[in-house]
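Right, one structure below, let's go through it.
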Amino acid sequence: VLARDGWDSGPQLRFFKALLETEYEVDIVVLVYVLNDIADIVKEWNETLDRIYNAPEPGFLVQNSYLFNTIYFRFVAFNDPDVSNYYEFVRDNYKGPVWVQQQARLKAYRDEVTKHGGQLLVVTFPFMHSLGADNQYLPIHENLDRFWDDLQVPHLDLTKAFESHLSSSLVVNKFDTHPNEKAHGIAAKAIDEFVKQQMKSTVEIGN
């Protein structure tokens, strides 16, 4: 597993290319994709991060107390429109020049794997807080599905694996919408079946 907190598609691709320049060999590569992996090429979001990271230090209690740190940053997130509207900002960038640039980066990932004799598989996580029939990000998932299909890259969209569950049962808490242990268990089972099926298909084609 090659991962690091906060990596979007750009850092992932740079690291992967550097890895393949060594004697590291690849067979099946599974790219786990999240909709906000596009964020590092969005000018407005980089400006927001610069503003947040360059803000004055919040003080001794916030820096040295988990309680005050949690309260402070929840307050900041709730009152900063650039943060509170984060998911809408992600959705809006899956069109126009940003989406074109992101497609080029994802295709480069496929090309790197193929060039080194491997096969790329892609698994997409949905935003866990917005599951169900009213999921406003479904058009993005449909675009991604068409994109990977055009590149002949097998794609597992985990939205289907989660659709029978309430969002509230799959997130860490109402302030942290990352997938919780239950969600990761569901995802692991779906990914295991997906990878095994692709490996079986590859063997059958080879024979």
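The values are calculated or read from the model by the stated rules, or taken from the named source; none is laboratory data. Predicted, not measured: the structure shown is a model, and the values here were computed from it. Glycine also receives a Cβ, built like all others from the backbone with ideal geometry; neighbour counts cover every protein chain displayed. Surface accessibility is based on the protein's heavy atoms, side chains included, excluding ligands, DNA and RNA. Shrake-Rupley method; radii C 1.70, N 1.55, O 1.52, S 1.80 Å.
For this structure, a couple of remarks:
- Qualifying residue in region 81-97 (condition: within 19 Å of the chain's Cα centre (by Cα), more than 30 Å from GLU23 (Cα to Cα), hydroxyl-bearing (Ser, Thr, Tyr) and modelled with pLDDT of 90 or more): yes
- Any hit, region 103-121, residues being surrounded by fewer than 17 Cβ atoms within 10 Å (Cβ to Cβ), more than 30 Å from TYR24 (Cβ to Cβ) and over 19 Å from the mean Cα position of the chain (by Cα): no
- Residue in region 64-85 that is out of contact with any helix residue (DSSP H, G or I) (no Cβ under 6 Å at 6 or more places or on another chain), of a type in the set (Val, Ile, Thr), open to solvent by 50 Å² or more (accessible area, probe 1.4 Å) and under 25 Å from GLY10 (Cβ atoms) present: no
- Scanning region 2-44 for residues that are open to solvent by 40 Å² or more (accessible area, probe 1.4 Å) and aromatic (Phe, Trp, Tyr) yields TRP7, PHE15, TYR24.
- Among the residues of region 51-96, those that are in a loop (DSSP other than H, G, I, E, B) and farther than 21 Å from ASN36 by Cβ comprise ASN54, ALA55, PRO56, GLU57, PRO58, GLY59, SER65.
- Flag for LEU20 being within 19 Å of GLN101 (Cα to Cα) and touching a residue at least 12 places away in the same chain (Cβ under 8 Å): no
- Scanning region 150-176 for residues that are open to solvent by 100 Å² or more (accessible area, probe 1.4 Å), without any contact (Cβ under 8 Å) to a residue 12 or more places away in the chain and closer than 22 Å to THR70 by Cβ turns up just one, LYS174.
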